[in-house]
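Below is one structure, written out as structure tokens; comments come after it.
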Amino acid sequence: MELFDIAPREAWQALLDGVRERTGMTATCYNAAGEVVIRHEAWANALCPRIQENTEARTTVCAVAQQVLGKQAMATGEPQVDECDVGMIKFAVPIVVGGDVVGTIGACGGRDPDVEVETFLAAQLLDTTEEALAEDAAGVPTVAEAKVTEAVAYLQAELAKL
């Protein structure tokens, strides 16, 4: 079952917009294979697109964290929250239809107020210096745990209506 069989693109976009409004993070909808189906058009910060544009960085930082969280959410049917290797919050909420998990909606790009972005690893992966990433790292917004919890609850409630 494809996600657009469940609801039109506009409905998925509205869910992503709701996550963005609640957290400021970049929200993405993934199919059961973990592939991006639709992503909110605005990045949460300037560091994420730099990572996404670099194949090695994207694979090491984003893909691994998303695959782990997505697989956990798919296997358990429960939301998963963690951090990527550079210290940004990631979460995945399963999309359940008729008892089957058919995908996930996740978000990333914010950081816990007590966590600093890991610029050393990011600099190594992007073949640059920590100093060159300092401004982008400083621009990663803080997102309180309560905001993440609110966004997860919002998604669970809205997904149940689809």
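Within region 35-46, restricting attention to residues that are more than 21 Å from residue 131 (Cα to Cα) and open to solvent by 30 Å² or more (accessible area, probe 1.4 Å), which residue is modelled with the lowest pLDDT? Please lay out each step first, then the result.
Taking region 35-46 first, the residues more than 21 Å from residue 131 (Cα to Cα) are 35-43.
The next check asks that each one be open to solvent by 30 Å² or more (accessible area, probe 1.4 Å); those that pass are 35-37, 39, 41-43.
Values: 35: 92, 36: 93, 37: 95, 39: 94, 41: 87, 42: 91, 43: 95.
Among residues in region 35-46 that are more than 21 Å from residue 131 (Cα to Cα) and open to solvent by 30 Å² or more (accessible area, probe 1.4 Å), the one modelled with the lowest pLDDT is 41.
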### Message
Taking the condition of being assigned to a helix (DSSP H, G or I) and either touching a residue at least 24 places away in the same chain (Cβ under 8 Å) or farther than 27 Å from residue 51 by Cα (or both), how many residues in region 131-162 meet it?
### Response
19
### Task
Select, from 117, 96, the only residue that is surrounded by 14 or more Cβ atoms within 10 Å (Cβ to Cβ), in a strand (DSSP E or B), among the aliphatic types (A, V, I, L, M) and out of contact with any Phe, Trp or Tyr (no Cβ under 9 Å at 6 or more places or on another chain).
96
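Select from region 5-19 the residues that are assigned to a helix (DSSP H, G or I) and open to solvent by 60 Å² or more (accessible area, probe 1.4 Å) and write down the one among them that is farthest from residue 50 (Cα to Cα).
Here is the first cut: in region 5-19, the residues assigned to a helix (DSSP H, G or I) are 5-6, 9-19.
If we keep only those that are open to solvent by 60 Å² or more (accessible area, probe 1.4 Å) too, we end up with 5, 9-10.
Numbers: 5: 33, 9: 27, 10: 27 Å.
If we take residues in region 5-19 being assigned to a helix (DSSP H, G or I) and open to solvent by 60 Å² or more (accessible area, probe 1.4 Å), then 5 is farthest from residue 50 (Cα to Cα).
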### Task
Filter region 47-70 down to the residues that are over 15 Å from the mean Cα position of the chain (by Cα) and within 13 Å of residue 88 (Cβ to Cβ), then identify the one that is surrounded by the fewest Cβ atoms within 10 Å (Cβ to Cβ).
50
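The values are calculated or read from the model by the stated rules, or taken from the named source; none is laboratory data. None of the values given here were measured: they were computed from a predicted structure. Cβ atoms come from the backbone with ideal geometry, glycine included; neighbour counts cover every protein chain shown. In case anyone asks, the SASA skips ligands and DNA or RNA and just uses the protein heavy atoms, side chains included. Shrake-Rupley method; radii C 1.70, N 1.55, O 1.52, S 1.80 Å.
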